[in-house]
Amino acid sequence: MKRQSFSFFLMVLGIATLVYAGDEQTTRAGRPTEYFIDSRGREFSAEQVKAQFSTRPRANRPAAKSISTREIPEPARQDDYLWTLTHVDDNAEYYLGSGDSLDTFAVVFTPAAPCIVKEVYVQWYTGGNIVAYAAHYSDSARAISPDGECSDIARGAIDFSPIGEPYTAPTLNHIDQESADWSDSLDFGGEFEVGGDLYNPDPFVIVLIKQDSQTYPRADGTDDQDSLTYTWFGGPWTAHQWGRYSDQTDLSMLVKVTYPGPPWDEYVIQSMTQLPNTYRQTGPFSVYFDIFGSNGIDPDSLGNIRSHWTINGQNEQLGDIIPEAIGADGNGFYRSDINGEFSPNDVIEYWITWESGGLSSESAHLWFEIKQPTNPYADILLIADDAYQKQLDANLYGQTLSDMGLVYEFWDTQVERGIDSSVVNYGWRNIIIFGWGNETLPVLSNEISEMDPNPGYDLFLDNGNRLALIDQDWLFGHGQDEEPVFGPGDFAYDYFGLTGAVNDPVDGNNISTADTLFFGAGVTAIDSSFVNSPLYLNHTIYGTTNWADYLTPGTATPIFTGANDDHCYGVINTDGNFHTMYLSFMADAAVDTLPDGTMVNPQFTQLLNGIINWFDVVGPTTPEPIQPTAFNLLPNYPNPFNPSTQIEFTVPQIEAVSITVYNLNGQQVTQLVHNREYQPGTYSVPWNGRDATGKSVAAGTYFYKMEAGDFSQTRKMVYLK
């Protein structure tokens, strides 16, 4: 990339205060205001993205996730201790297609401690000219968003800029060509120091000002980060107003910093793993965290770093700090074990404290819950793994199983923060996994490590059980190449019998070539209903796009092939012990609507019936529901929670019910149910941590109150961020 400095300082500062007007769906000269591109160069308008790709999964996200969205837990270069700040992963799925010259992007970062910013990298969809510089995060913006998160600030909603006093001089960059990695460094005017208190460093802003209309940076989807975004936008399109670019994306930018000199050259806690909820009641539960010291760390002298944990907010205990994967200088991953015996509904909260430069600080507090099955005698575990929200809302899998009279256990990996072997291997013989970009079922052998624990699907199958995976983006969700090859040791090879695949096949115009009609091979009960009448996918019902994958069977037996292309899209595999089935398309898109708008799904029902018959499911059938005998407001679940919780209540007679959320000051935050009449039964309503205006509330304690006739009951819940 060619760069040259110039000093249009006053002019660019004027540009930087411009903002972006209008609604996110506004069009100009017949062209949508936003264009996005996925990682294969496929192009979509904003409307298409919101309908089809707003929850497109991101790659390389293990079940035990790093808590930090700011810092990758490995140094960019060990030799000079450059550390990475970013809000995104390596796979840019979209591009930001604002159309005017002088439109301005401002991305806010907060380092782990005062630092020196050394390098900045951006991924580009198209080349062109960009002016770049660094600035303080403005006081006005900081007052409404201390860390720069702007998903609740609509584009063009405010009349002040997030860009404060400049750190560096505006510098012209010429982008030669597109880039889909971190190879293109940005000249932002030279390195600069970021100050602030040792454990309360100042946020800073990297500013990009377009010098032509066709220079598009790439962006990453925010669906796995609760749709949080740190990319602000302003420019000619916004009538000089500011706000987020989109709540669906974050600009693909990576910043490298160093933490130099006293007093902040002691320790920085880079990341800490989030443990999933679990059925296991006995420790140890291992927590991994990354410690960095610019002068190195003596692993034999860790007395000033402590691991803490509590049970239900009480009985605080300390854990040992154990080196796990460290370099010669002592920097790297350490482990602490949470030991003991626990009970169902126990909430274990854990965090790290450390002393550095004479000051004390602590990490974010994370937590997980000890759970027990709702239906412990069920023979089916239904797992929603990174499922699209409309899939969850439609609940076709759960409803169809219930219509068949079957009892099943349900586990949502997004709500439960992943899944572990205690859940997978609880005792059911059959598992059905659906979603859009599965995260927890490994594809390759190298996806399992001490720091990314094995969720136990291999043990489940080795014990002679049955597993069905139905996901059009299993391969994409694990960051696979366009044409991956599988061999011994890979889960795809050992258990699904695959030797390869084509991941998201497209034509020369980057349009999906995947079929939407699938003939059954007549091999099993799963596919026999579709030998003469193909299974038809109707993605318009969900507003999704068909990204089905071609499969290359090895030991597997094909059961579905494309009616138009003859590619394999579904297989079964067995070694005489386990049984597996994999469909590389979104089977619950096999639906239609009646003229009155009612969704019908006879083909999906046939398919799921076939899976159940092939599984030879045994176990309890659905009992007659027991009607409640009293009004009752039950404890919310989960609690504490992030991002959402369920509030369950019972109604013994026909009655109007209201459920209201209050803050600690007794002020009403939102009303979840307003004087709605309910029939006798048990019900549940969600709360997503937002007030009546849709704005995310602050972390803390809240109360929820149920009122029904003369009945009134209040309970407490805790919202975490």
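FYI, it's all coordinate maths here, none of it is from the lab. The model shown is predicted, which means the values in this text are computed figures rather than measured ones. Cβ sites come from the backbone with ideal geometry, for glycine too, and all protein chains shown count toward neighbours.
Mind listing the phi-derived Karplus ³J(HN,Hα) values for region 318-325, rounded to whole Hz, using 6.51, -1.76 and 1.60 with θ = phi - 60°, and x for any glycine or proline?
Residue by residue, region 318-325 yields 10, x, 6, 9, 10, x, 10, 8 Hz.
Would you mind getting the Kirkwood hydrodynamic radius of region 80-177 from its Cα pairs, rounded to one decimal in Å? The partial results should precede the final answer.
Values: mean 1/r = 0.0638 Å⁻¹.
After inverting the pairwise mean of 1/r, the radius is 15.7 Å.
Can you tally the net charge around Ala590? Count Lys and Arg as +1, Asp and Glu as -1, for every other residue whose Cβ sits under 15 Å from the Cβ of Ala590. Write down the numbers at each step before the final one.
On the way: positive: Lys390; negative: Asp471, Asp515, Asp527, Asp588, Asp592.
After counting each charged neighbour, the total is -4.
Enumerate the calculated ³J(HN,Hα) couplings along region 117-130 in order (Karplus 6.51 cos²θ - 1.76 cosθ + 1.60, θ = phi - 60°), each rounded to whole Hz, writing x wherever the residue is Gly or Pro.
7, 9, 9, 9, 10, 9, 8, 10, 8, 9, x, x, 10, 9
Using the Kirkwood formula over every pair of different C-alpha atoms, what hydrodynamic radius in Å results for region 380-615?
Working: mean 1/r = 0.0562 Å⁻¹.
Roughly 17.8 Å, rounded to one decimal.
Extent of region 268-369 along each principal axis, from alpha carbon coordinates, in Å, largest to smallest?
Between the extreme Cα coordinates on each principal axis of region 268-369 lie 44, 26, 19 Å.
For region 361-509, what proportion of DSSP beta bridges, expressed in % and rounded to the nearest 5, is antiparallel?
Numbers: 1 of 16 bridges.
In region 361-509, approximately 5 percent of DSSP beta bridges are antiparallel ones.
Less than 10 Å Cβ to Cβ from Ala656, Lys/Arg counted +1 and Asp/Glu -1: what total charge do the surrounding residues give?
Numbers: positive: Arg676; negative: Glu655, Glu677, Glu707.
Residues close to Ala656 contribute a combined charge of -2.
Report, by chain and number, residues whose modeled amide H sits under 5 Å from the one on Leu469, excluding near sequence neighbours (fewer than 5 apart, same chain).
It is Ile433, Met581, Tyr582, Leu583, by chain and number.
Points 7 angstrom from Cα along the Cβ direction at Val531 and Asp197: gap in nanometres?
Using points 7 Å along Cα→Cβ, the separation is 7.4 nm.
Calculate one ³J(HN,Hα) per residue across region 150-162 by plugging θ = phi - 60° into the Karplus curve 6.51 cos²θ - 1.76 cosθ + 1.60, and present them in order as whole Hz with x for glycine and proline.
10, 4, 8, 9, 4, 4, x, 8, 10, 9, 10, 9, x
Out of all DSSP beta bridges in region 632-719, what portion is antiparallel? Express it as a percent rounded to 5. Spell out each step's value before the answer.
Values: 33 of 34 bridges.
Taking every DSSP beta bridge with both residues in region 632-719, the antiparallel ones total about 95 percent.
If you take every residue apart from Thr310 with its C-beta less than 11 Å away from the C-beta of Thr310, what net charge results, scoring Lys and Arg +1 and Asp and Glu -1? List each step's numbers first, then the result.
Numbers: positive: none; negative: Glu316, Asp346, Glu349.
Surrounding charge for Thr310 is -3.
Could you please state, rounded to a whole Å, how far the C-alpha centre of region 398-421 is from the C-alpha centre of region 489-561?
Each part's Cα centre sits 23 Å from the other's.
Given H placed 1.01 Å from N in the peptide plane, which residues other than close sequence neighbours of Ile297 have an amide H under 5 Å from its amide H?
Gly330, Asn331
For region 447-539, run through the GluC sites (Glu not before Pro) and keep only the ones in DSSP coil with at most 15 other Cβ atoms within 10 Å of their Cβ. Show your work: numbers first, answer last.
Details: sites: Glu447, Glu450, Glu482; in loops: Glu450, Glu482.
Those that pass, being in a loop and sparsely packed, are Glu450, Glu482.
Can you compute the modelled spin-label distance between Phe160 and Asp412, with each label point 7 Å from Cα toward Cβ, in nm?
Between Phe160 and Asp412, the label points sit 3.7 nm apart.
What number, in percent, do you get for the relative contact order of region 380-615 if the mean sequence gap of Cα pairs under 8 Å and at least 6 apart is divided by its residue count? Can you show the working numbers first?
On the way: 510 pairs, mean separation 44.4, N = 236.
It comes to 19 percent, rounded to a whole number.
Once both labels are modelled 7 Å past Cα along the beta-carbon direction, what's the Ala169-Ser185 spacing in nm?
1.9 nm
Given H placed 1.01 Å from N in the peptide plane, which residues other than close sequence neighbours of Gly554 have an amide H under 5 Å from its amide H?
Leu498, Thr499
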